[in-house]
Amino acid sequence: MTPTDRDKAALYKRVAIVGADESDEIGIVPQKSTLQLHAEAARNALEDAGIALSEVDGIFSAGSAGWSPTLQIAEYLGIQPKYTDSTSVGGSSFVIDVEHAAAAIATGLIDVALITHGESGASGGRRGGSARPALDVQHPSAQFEMPYHVGGAPTHYAMACMRHMYQYGTTHEQLAEIAVATRKWAMLNPKAMMRDPITIDDVLSSRWIAYPFHLLDCCLVTDAGGAVVVVSAERAKDCKKPPVWVLGSGEATTHQTITNMPDLTTTPAAISGPRAFAMAGVRHEDIDVVEVYDSFTYTALVTLEALGFCKPGEGGAFVSGQRTAPGGDFPLNTNGGGLSYTHPGMYGMFLLIEATRQLRNECGDRQVPNAKLACVNGTGGTLSSTGTLILGAD
Amino acid sequence: MAQDGYRKPLPTPSPESKRYWDGCHNHELWIPFCRNCQKFYFYPRDFCPACFGWDIEWRKASGRGRVYTYAIQHRAWHPGWQDEVPYVTALVQLEEGPRLYTNLIGVDPDPAHVHCDMPVEVTFEDITEDVSLPKFRPV
Ligand SMILES: [Zn+2]
């Protein structure tokens, strides 16, 4: 896709992220409901911004709060927003919400957008019922996929990874490089769940989940909440902390069911990425820190290709030699990612929180020195949807 | 031959997919074809997803194809597969073009024996009196 001048002008530096935080506890949190996780994160992110809940006039969320997440969350928080957006395209939704919030703010419909997430991926199943709406039995995945297998993400992403390995010669060892490097970042993050060092051999000797994925190729399943506050450039002048500017954004969807994914060896980031980079007017080599959805090691690898950090098929070589680890020349998933920090089911929110913290120089031991530009990419569904953001500090 | 106590999810045909499942019941693979594009497509709808044309017909497919990709499932995420792990899920690209999500049977669930682009053909499993599932096996 060739970005147009209109893309470039649309949302460049019109809004900023001014608040970002997790719920009080993340990890295994059976004692908190999903709505408690939403509310704690909302309070913490608003405090981080120095903005009162009463100022929030737009609410954004996805999944985990019934058939209409924003209705439920607004009621629970006790607000009556004039703009709601329950975009539900999987774990990328929260990243895409930033673009949607930016559009609503840039057109003057709202001033303060609150995006929240709360999900009990680890503990919710034991409560009975489901936070997500049930599937219509006549829908395509129920008719044409589930009679052959029920199990979701690991299965489908494994099939995409297998095609990549076949087509390009990507190896288990190269995928394991990502798991090991990401764990090294987690060891520097006190909030990360998995903080013991692992080796390539540990990954390769962990049990199979869905070949070609070992256990340690797969993300965690946790309970966690998170929230970010997005405001107009004008409102951003008067917040507690320096703004993290939205310089560029892009959104793309190509399919829902894995059977109907056009090319299993790429992702829609090949569409959303170029648009975000063009809007921001930056090049790949300008980016200081990269936060991409790592539901599986493969997701991170193929996303780097799709975003254009390397060519299709070159992701394996690109991540080799612990290039993405602390001290490497390509800082990736610096909070420890979905692989080692947290992953409650949909992870996009936590990419935003970490990118914001890196650009504010708040990351302590894991801080990427002098980080000014971040690239964030959320992936949702079965490699179905992406949201890409280029974020920048002054 | 119907199996008693079939424990996996059964497909629930929709009005637009009934022809497909009827075909399977007769151990034939019938898939929709767009007269405008002159191409097959899947899954069944009343129109072609490539051109949004509604001039479609059903044609019998050869049943031959290749494994576009696969995975070997080592976890039974659903009780119906408890006694069958590991087993193979695959996307089979039919000679006619469309891909089907399926299981590979008649082959060891081992990457030494399964590979992308291996030729396969359809076979039908009668899972209830009314429902037959198309699966694929190596040619
Ligand atoms: Zn057509």
Query - Exposure of A:Phe213 as accessible area (Å², to 10), given a probe of 1.4 Å and all protein chains - result: 0
Query - Per residue Cα convex hull volume in Å³ - calculated over the protein assembly as shown - result: 148
Query raised in the report: Tell me, what is the percent relative contact order of region B:18-138, built from C-alpha pairs under 8 Å that lie six or more residues apart?
Result: 24
Query raised in the report: Which residues of region A:144-182 end up with at least 50 Å² less accessible area in the presence of all protein chains than when their chain stands alone, using a 1.4 Å probe?
Result: A:Phe144, A:Pro147, A:Tyr148, A:His149, A:Val150, A:Met159, A:Met162, A:Arg163, A:Tyr166
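For region B:1-61, what does the relative contact order come out to in percent, with C-alpha contacts under 8 Å and a separation of six or more?
On the way: 77 pairs, mean separation 17.8, N = 61.
Computed value for region B:1-61: 29 percent relative contact order.
Could you compute how much accessible area chains B and A hide from each other, both sides summed, with a 1.4 Å probe? Nearest 100 Å² is fine. Display every interim value, and only then the final one.
Details: alone 8350 and 15430 Å², together 20570 Å².
So the total buried area for this chain pair works out to about 3200 Å².
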**Report entry** Gaussian network model of chain A, Cα within-10 Å springs - most flexible of A:Asp85, A:Asp136, A:Asp21
**Finding:** A:Asp136
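Given a cut-off of 32 Å, name the pairs among B:Lys18/B:Lys39; A:Lys237/A:Lys311; A:Lys191/A:Lys237; A:Lys311/A:Lys372; A:Lys32/A:Lys82; A:Lys82/A:Lys237 whose C-alpha atoms lie farther apart than that in the structure shown. Present the calculation step by step, with values, prior to reporting the outcome.
Working: B:Lys18/B:Lys39 20 Å; A:Lys237/A:Lys311 40 Å; A:Lys191/A:Lys237 30 Å; A:Lys311/A:Lys372 25 Å; A:Lys32/A:Lys82 28 Å; A:Lys82/A:Lys237 23 Å.
Long pairs (Cα-Cα over 32 Å): A:Lys237/A:Lys311.
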Query raised in the report: Highest GNM mean-square fluctuation, chain A, Cα pairs closer than 10 Å: which of A:Val376, A:Val292, A:Val282?
Result: A:Val282
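Per residue, what accessible area does chain A have, given a 1.4 Å probe and all protein chains present, in Å²? Don't jump to the answer; show the numbers that get you there.
On the way: 13760 Å² over 394 residues.
Per residue, chain A has an accessible area of 35 Å².
Quick check on region B:18-138: of the DSSP beta bridges with both residues there, what percent are antiparallel, nearest 5%?
Working: 31 of 32 bridges.
That works out to approximately 95 percent antiparallel.
Ordering B:Trp30, B:Trp54 by how much accessible area each has at a 1.4 Å probe, largest first, what is the list?
B:Trp54, B:Trp30
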Query - Contact order normalised by residue count of chain A, Cα under 8 Å, 6+ apart, percent - result: 27
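Order the following by accessible area, largest value first: A:Lys241, A:Lys32. Probe radius 1.4 Å; ligands, DNA and RNA are ignored.
Ranked from most to least accessible, the order is A:Lys241, A:Lys32.
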Requested in this report: Give me the number: length gained by fully extending A:Glu314 to A:Leu53, i.e. 0.36 nm times residue separation minus the C-alpha to C-alpha distance, one decimal in nm.
Outcome: 89.4 nm
Report summary line: Out of B:Thr69, B:Tyr41, B:Ile105 - ranked by how far each Cα lies towards the positive end of the dipole of region B:18-138, with unit charges on the beta-carbon of charged residues - the top one is B:Tyr41
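How long are the semi-axes of the ellipsoid equivalent to region A:101-142, from square roots of 5 times the Cα gyration tensor eigenvalues, in whole Å, largest first?
In descending order, the three semi-axes are 33, 19, 7 Å.
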Report summary line: Rounded to the nearest 10 Å², the accessible area of A:Thr297 using a 1.4 Å probe with every protein chain kept is 0
Report task. Work from the charge dipole of region A:1-93 (Cβ charges, +1 for Lys and Arg, -1 for Asp and Glu, about the Cα centre) and give the residue of A:Ala65, A:Val29, A:Leu11 farthest towards its positive end. Result -> A:Leu11
Query - Carbon + sulfur, % of accessible area of chain A - ligands and nucleic acids excluded, 1.4 Å - result: 52
Requested in this report: Return the whole-Å distance between the Cα centroid of region A:324-394 and the Cα centroid of region B:46-87.
Outcome: 35
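The values are calculated or read from the model by the stated rules, or taken from the named source; none is laboratory data. Bear in mind that the values here come from a model prediction, so they are computed numbers and not experimental data. Methodologically, a virtual Cβ is constructed for each residue, glycine included, from the backbone with ideal geometry; neighbour enumeration extends over all protein chains shown. Accessible surface areas use protein heavy atoms only, side chains included; no ligands, DNA or RNA. Shrake-Rupley method; radii C 1.70, N 1.55, O 1.52, S 1.80 Å.
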